[in-house]
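Undergrad: Below is a structure I'd like to ask you about.
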Amino acid sequence: MSAGGASRSRAALRRDDQMMKQALRSAARGDGRTHPNPSVGAVVFRGDRILGRGTTRPVGGSHAEVVAIEAVRRRHGASALRGASIAVTLEPCNFEGRTGPCTQAILDAGIRRVVGGCLDPHAKVSGRGFRGLRRGGVEVVSGVLEDACRHQHRGFISVCERGRPHVTLKLATTLDGRIATASGESRWITSEPAREAVHRLRDASDAVMIGSGTAIADDPTLTVRRGERVVRTPVRILVDGRLRVAPSARLFDPGVQGGGGETWVVCGERARGVRRARELATRVIEVRRTADGFVDLSRALRRLSKEGLTTVFVEGGGGLASALLRADLVDEVHWMLAPKLIGGDGRAALGPLALGCLADAVSIDPIRVARRGPDLHIHGLVRRGVPAGRPRAARKRNRQ
């Protein structure tokens, strides 16, 4: 290859990366709002110029590729699509469901090049979307920013590959790992900037989960707020094995369920009071108990995925967090760490994890550490079978 050709190739690689970053930004706008579908982002471009953007609409609405294509038609006319490129964070679907196949929409628009992020693991797609585009004469570049795209679609991928939602655990503690004083006082351990970050994380989730202890102690609403204004309410999931939470809890009060949120209750099979729970909650999910008397969280998560949830944001308390960690059901951690000390008589963030040795400790691979006012925000992934910090083999782009 000539020096000029090599230079153009490097320029094309950089452009593909930049356009995929823009598509990822578009995808993030739909987080928590498209389940059971993934929130995909798409960008139609020609050279360095973006012609149109798209984000997956809520279920039943158009997919990101179609939204982006329609945006170009409205702004520039159909002729602007012919010969253009599209960057899309997830492999376009090739089958007809609630909407038509995105591959056909791309072909009909006359787009000649597709820059793809990650493969769609759905059994009906799984490579067929890219293959169909290639058969239609479209150049396909796949695997662009693949890790970032897989992270964006981690909930959808988890449901397809593991049959359960992606679980993110949030902890807000002092430096010595306490969530409250001995008397139970916990407002506020972390600063306002840290709490604002938590609201953004809630907003990006399909559902927020708490245990009965947190519901009784804090009586939260689990809404998403901007200042004092409620802007959205994800599905609220209360894990209450023996239905101990009082009917007067704010989770059950329609007057504080702003933003169209629902409250689901997960309880043990044949728990006393289940009839009353069905009157209070939007949905009641009964699952069997484990030997220790706790609800079987693995089964509960599988049930939640069948109800259409792909991401669950767990906000407490210590018993629920520990049970999820013991069952190896936590995928991601956000830890808000306040520069305070409470001491050993304070309430711990986690209960026993039943570890036999240090090698069994839960391994967290940090993604990012940020300041939130005076607090630290540690964000990491739980690694299974790969020691924290070990780099994975680089993925190669597939250009055909």
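Undergrad: Suppose we keep only residues that are in a strand (DSSP E or B), basic (Lys, Arg) and under 22 Å from the mean Cα position of the chain (by Cα) within the range 191-246. Which one would you say is modelled with the highest pLDDT? Give the steps one after another, and end with the answer.
TA: Here is the first cut: in the range 191-246, the residues in a strand (DSSP E or B) are 207-211, 224-226, 229-232, 235-239.
From the residues that got through so far, the ones that are basic (Lys, Arg) too are 225-226, 229, 232, 236.
Subset that is under 22 Å from the mean Cα position of the chain (by Cα): 225-226, 232, 236.
Values: ARG225: 86, ARG226: 83, ARG232: 87, ARG236: 95.
That would be ARG236.
Undergrad: I would also like to ask the following. List the number of the failed condition for HIS151; all other conditions in (1) in a loop (DSSP other than H, G, I, E, B); (2) under 16 Å from ALA23 (Cβ atoms); (3) without any contact (Cβ under 8 Å) to a residue 12 or more places away in the chain hold.
TA: Result: HIS151 passes all but (1).
Undergrad: Further question: Would you point out the residue of the range 157-197, among those that are within 17 Å of ARG372 (Cβ to Cβ) and acidic (Asp, Glu), that is surrounded by the most Cβ atoms within 10 Å (Cβ to Cβ)?
TA: If we take residues in the range 157-197 being within 17 Å of ARG372 (Cβ to Cβ) and acidic (Asp, Glu), then GLU196 is surrounded by the most Cβ atoms within 10 Å (Cβ to Cβ).
Undergrad: Failed condition for GLN22, given (1) exposed (fewer than 14 other Cβ atoms within 10 Å of the Cβ); (2) in a helix (DSSP H, G or I); (3) not basic (Lys, Arg), with all others met?
TA: The single condition GLN22 does not satisfy is (1).
Undergrad: Kindly list, by first and then second residue, each pair from a residue in the range 203-219 that is free of Cβ contacts under 8 Å to residues at least 24 places away in the same chain and assigned by TED's automatic domain parsing to the domain that holds GLY317 to a residue that is of a type in the set (Phe, Trp, Tyr) and not in a strand (DSSP E or B), limited to pairs with Cβ atoms under 9 Å and residues at least 6 apart or on different chains.
TA: Here the result reads none, with nothing in the range 203-219 linked to a residue that is of a type in the set (Phe, Trp, Tyr) and not in a strand (DSSP E or B).
Undergrad: Select from the range 96-132 the residues that are closer than 23 Å to ASP17 by Cα and hydroxyl-bearing (Ser, Thr, Tyr) and write down the one among them that is modelled with the lowest pLDDT.
TA: SER126
Undergrad: Taking the options ARG288, ARG270, name whichever one is touching a helix residue (DSSP H, G or I) at 6+ places or on another chain (Cβ under 8 Å) and loosely packed, with under 14 Cβ neighbours inside 10 Å.
TA: Values: ARG270 fails: touching a helix residue (DSSP H, G or I) at 6+ places or on another chain (Cβ under 8 Å).
None of the others qualify; the one that does is ARG288.
Undergrad: Another question, then. Would you check which residues across the range 126-148 are outside any loop (DSSP other than H, G, I, E, B) and either of a type in the set (Gly, Ala, Ser) or crowded, with 22+ Cβ neighbours inside 10 Å (or both) and list them? Can you show your working first?
TA: If we filter the range 126-148 for residues that are outside any loop (DSSP other than H, G, I, E, B), which is where we start, we get 128-135, 139-142, 146-148.
Selection gives GLY129, PHE130, GLY132, LEU133, SER142, ALA148.
Undergrad: Please state which one of GLY316, GLY293 is of a type outside the set (A, V, I, L, M, F, W, C), in contact (Cβ under 8 Å) with a residue 24 or more places away in the chain, surrounded by fewer than 20 Cβ atoms within 10 Å (Cβ to Cβ) and in the same structural domain as ASP219 (by TED's automatic domain parsing).
TA: Working: GLY316 fails: surrounded by fewer than 20 Cβ atoms within 10 Å (Cβ to Cβ).
Just a single option satisfies the conditions, and that option is GLY293.
Undergrad: Need the failing condition index for TRP188 against (1) without any contact (Cβ under 8 Å) to a residue 24 or more places away in the chain; (2) on the phi > 0 side of the Ramachandran plot, just the number.
TA: (2)
Undergrad: Is there a residue being touching a residue at least 60 places away in the same chain (Cβ under 8 Å) and under 28 Å from the mean Cα position of the chain (by Cα) anywhere in the range 78-85? Talk me through it step by step, then tell me what you get.
TA: First, the residues of the range 78-85 that are touching a residue at least 60 places away in the same chain (Cβ under 8 Å): 85.
Checking which are under 28 Å from the mean Cα position of the chain (by Cα) leaves us with 85.
Yes: one or more hits.
Undergrad: If you don't mind, there's one more thing I want to ask. Considering only the range 60-84, how many residues are more than 15 Å from GLY41 (Cα to Cα) and not in a helix (DSSP H, G or I)?
TA: 5
Undergrad: Same structure again: Looking only at the range 173-187, which residues are part of a strand (DSSP E or B) and in contact with a helix residue (DSSP H, G or I) (Cβ under 7 Å, 6 or more places away or on another chain)?
TA: Taking the range 173-187 first, the residues part of a strand (DSSP E or B) are 173-174, 178-180.
Matches in the range 173-187: ILE179 only.
The values are calculated or read from the model by the stated rules, or taken from the named source; none is laboratory data. All values reported here derive from a predicted model rather than from experimental measurement. Every residue, glycine as well, gets a Cβ built from its backbone with ideal geometry; the counts of neighbours run over all protein chains shown.
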